[in-house]
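So the structure is just underneath, and the comments pick up after that.
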Amino acid sequence: MRVSITERHCEVPKATLARTEAQMNGLTEYEPRATAADVIYTEEKRSRNVEVIIHIDGAPHVTAHGEGDEFGAALSGVVGRLRRLLRDARAQRRDHTAPPLSERAPSE
């Protein structure tokens with residue numbers, strides 16, 4: 001997966017950037033069709049924000065936001081949210097079977 005990291009009005013520690021890349025690549029476990037991740041770090045007065053946009057072939061983009069006192073905490077929150085979103089979307093896509101004909105109510 002291609003990971004693009006942008007820092008707006010802030011400087012993110014190198015360890016956090018490395019952790020970001022590793023965690024974004026780990027998201028392919030939940031969505032194998034994910035091709036790219038755009039990670040945007042921003043800093044406002046007292047909060048650090050992380051926004052992640054996952055690009056998926058043949059599906060809408062998945063976006064998640066996280067906020068915390070430190071970039072690491074914000075990243076943890078956004079990665080947890082993305083895991084849940086990707087896992088639920090994949091489960092919904094795979095669970096598309098119709099009930100057996102014997103269980104359907106007869107139509108009049």
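The numbers here are math on the coordinates, done by the rules we state, and not lab data. Because the structure is a prediction, the values reported are computed rather than measured. As a convention, Cβ positions derive from the backbone with ideal geometry for all residues, glycine included, and neighbour counts pool all protein chains shown.
Worth a mention:
- Length gained when the stretch S102-R81 is fully extended (0.36 nm per residue, less Cα-Cα span): 3.6 nm
- Put simply, the amide H of Y30, placed in the peptide plane, has no neighbours under 5 Å, leaving out anything fewer than 5 places away on its chain.
- Antiparallel content of DSSP bridges confined to the chain, in %, to 5: 70
- Helix-derived mean residue ellipticity, 222 nm - over the chain, DSSP H n ≥ 4, -39500 (n - 2.57), to 500: -11500 deg cm²/dmol
- Convex hull volume per residue, computed on the Cα atoms of the chain, equals 133 Å³.
- Applying both filters, DSSP loop and at most 10 other Cβ atoms within 10 Å, to the trypsin sites (Lys or Arg not before Pro) of region 1-80 gives K45, R46.
- Once backbone amide H atoms are built at 1.01 Å from N, V3 has A37 as its partners under 5 Å, excluding neighbours fewer than 5 places away on the same chain.
- The phi torsions of region 34-48, fed into the Karplus equation with coefficients 6.51, -1.76 and 1.60 and a -60° offset, translate into couplings of 5, 10, 8, 9, 9, 10, 10, 9, 9, 10, 10, 2, 10, 10, 10 Hz, rounded to whole numbers, with Gly and Pro shown as x.
- In this simple spin-label approximation, C10 and A22 carry label points 7 Å from Cα along the Cα→Cβ vector, and these lie 2.0 nm apart.
- Phi-based couplings in Hz for region 73-87 (Karplus 6.51, -1.76, 1.60; Gly and Pro marked x): 5, 5, 5, 4, x, 6, 5, x, 5, 5, 4, 5, 4, 5, 5
- A cut-off under 10 angstrom between Cβ atoms defines the neighbours of M24, and their net charge, with Lys, Arg +1 and Asp, Glu -1, is 0.
- Spin-label model distance (nm) - R93 vs R2, 7 Å beyond Cα toward Cβ: 1.9
- The chain: relative contact order as a whole-number percent, Cα under 8 Å and 6+ apart: 22
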